[in-house]
Structure formats: C-alpha cells, structure tokens
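Heads up: the structure comes next, in structure tokens.
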Amino acid sequence: MNVAIVKYNAGNIYSVVNALRRLGVEPLLTDDAEQLQKADRVLFPGQGEARGAMEYLKARRLDEVIKNLKQPVFGICVGQQLLCRHSEEGDVDCIGIFDAEVKRFSPTRHEDKVPCMGWNALDVRCKKADVRETGDVKCSIFKGLGDNPYVYFVHSYYVPLCEDTAAIADYIQPYSAALQKDNFYACQFHPEKSGRVGEQIIKNFLAL
C-alpha cells in the first residue's frame, strides 16, 4: 500500500511516521502534489500554529491539493483543525472540508487548564452531534474499540460539535474529538501516542 504523509511546517510528523513503521508500513513524507494524489492513503498530521501552517500550505497550493483528494485522508490534531472552515488561532481561513470554526478553550473553573493534556474517553457511538445512539459504532475507524476507548490529547483549540462529529470528548464542554465527511477522517487526539487503541485506529484507517 502506498501511504503518503503531507509534509509541511508542523511538528509531530515523525511520530506518525514511526507509528506506521511499527505496523510494517513505510510512508512517503512529501509536499509533492502528484505524489499525494497517487497515494492510496494520505495522512495529514501536525502540531503547531494554524495561521503559519495555512500560509505554508497556501504558498505551495497544498490546501487545494488536499481539498481535492479522493482517497481516504486522515487529519490528526492540527490536521483536523486545518480541515475545518476557519480557526480562531490567528483568525485564519482553513481548508474547509468540515463546516466548523475552531475555537480556543475558555476555562470556567480554576482546575480547567489550557492546554488540555492527557488521556480522555471518547463517545464513538454518534455520527451527528445531536444523536448519541447506542449500538454500533458509526464511524469505521473506531470499529473494534468499544463505546468509550481512551486516547491521548494535547491541544488548546477545539472543534465544536457539528454535523460531521464522529466522536465526542468532554473537557470544559463536549467537543468534536473526531470528524468524518465522505473520504475525510480526522481526530483531535494523537492516535500515534494512544497505545493499542491508537494503533487500532490507524489500522482501521489503512483498511478502509
């Protein structure tokens, strides 16, 4: 399988490279449009600041390349945020796959720390924000994990609940821990740092 990782000015990319290598996959780290378009799967990870990341992507027209990809695409952490319409971080327009605005956490209690950092449970039973159905998992990257798997988060900004919410986490308020629309999948947490659960999520994505 030909797996590509979008190369841009964001941190955390090499931890995703190593996670794929542990699964026996040697990914291609590239900012070449043709290589991304030819890949069987594309991962779009990252840690960093939204405005700077978008400026880099737009300067190389990678925002348009990503938006028009037809194979399964997986945004991780800042990658999820950049797939949204707009981010409060730097007041910047993003790629616009998901019709949502990324917001900064606003603590309401002394114990609410920003950034949010640590393990938290997911509600993976819902595909839409206003429907918490019991029964089967609604998003295929969470198959085989049960209703409330634990994963690892590090973030100061979040995506509110929206039409494309695929999993919910709760920190200060409920928010979109994962999104899914058509061939685009995304998560706010770090699957590459989430142990067995994260490994299974990556396997599920590769198996789509």
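The values are calculated or read from the model by the stated rules, or taken from the named source; none is laboratory data. Every value quoted in this text rests on a predicted model; they were computed, and no experiment measured them. Positions of Cβ are generated from backbone atoms using ideal geometry, with glycine treated the same way; all protein chains shown enter the neighbour counts. For the accessible areas, the whole protein counts, side chains as well, though only heavy atoms, and no ligand, DNA or RNA atoms are used. Shrake-Rupley method; radii C 1.70, N 1.55, O 1.52, S 1.80 Å.
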Note to self: Can you find, within segment 160-208, the residue that is nearest to L20 (Cα to Cα) among those that are assigned to a strand (DSSP E or B), touching a helix residue (DSSP H, G or I) at 6+ places or on another chain (Cβ under 8 Å) and open to solvent by 10 Å² or more (accessible area, probe 1.4 Å)?
What the structure shows: Y185
Check: Which one is farthest from L208 (Cα to Cα) among residues in segment 21-45 that are touching a Lys or Arg at 6+ places or on another chain (Cβ under 9 Å) and among the polar types (S, T, N, Q)?
Finding: T30
Next item on the list: Inspect segment 102-117 for any residue being at pLDDT below 95, over 20 Å from S176 (Cα atoms) and among the acidic types (D, E) and give the result as yes or no.
Entry: yes
Notebook entry, point to check: Considering segment 1-20 alone, what residues qualify as being open to solvent by 70 Å² or more (accessible area, probe 1.4 Å), farther than 17 Å from F189 by Cα and not polar (S, T, N, Q)?
Noted result: M1, K7
Next item on the list: Return the total of residues in segment 21-48 being touching a helix residue (DSSP H, G or I) at 6+ places or on another chain (Cβ under 9 Å), within 19 Å of Q200 (Cα to Cα) and surrounded by fewer than 19 Cβ atoms within 10 Å (Cβ to Cβ).
Entry: 5
Next item on the list: Among the numbered conditions (1) more than 29 Å from V3 (Cβ to Cβ); (2) surrounded by 15 or more Cβ atoms within 10 Å (Cβ to Cβ), tell me where V78 comes up short.
Entry: (1)
Item checked: Cβ pairs under 6 Å, 6+ apart, first in segment 155-174 and closer than 11 Å to F98 by Cα, second among the β-branched types (V, I, T) and in a strand (DSSP E or B) -> V159/V102
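Every residue, every condition in (1) part of a helix (DSSP H, G or I); (2) among the basic types (K, R); (3) touching a Gly at 6+ places or on another chain (Cβ under 9 Å), yes or no:
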{"residue": "E26", "(1), (2), (3)": "no, no, no"}
{"residue": "Y56", "(1), (2), (3)": "yes, no, no"}
{"residue": "V65", "(1), (2), (3)": "yes, no, no"}
{"residue": "K70", "(1), (2), (3)": "no, yes, no"}
{"residue": "G75", "(1), (2), (3)": "no, no, yes"}
{"residue": "V114", "(1), (2), (3)": "no, no, no"}
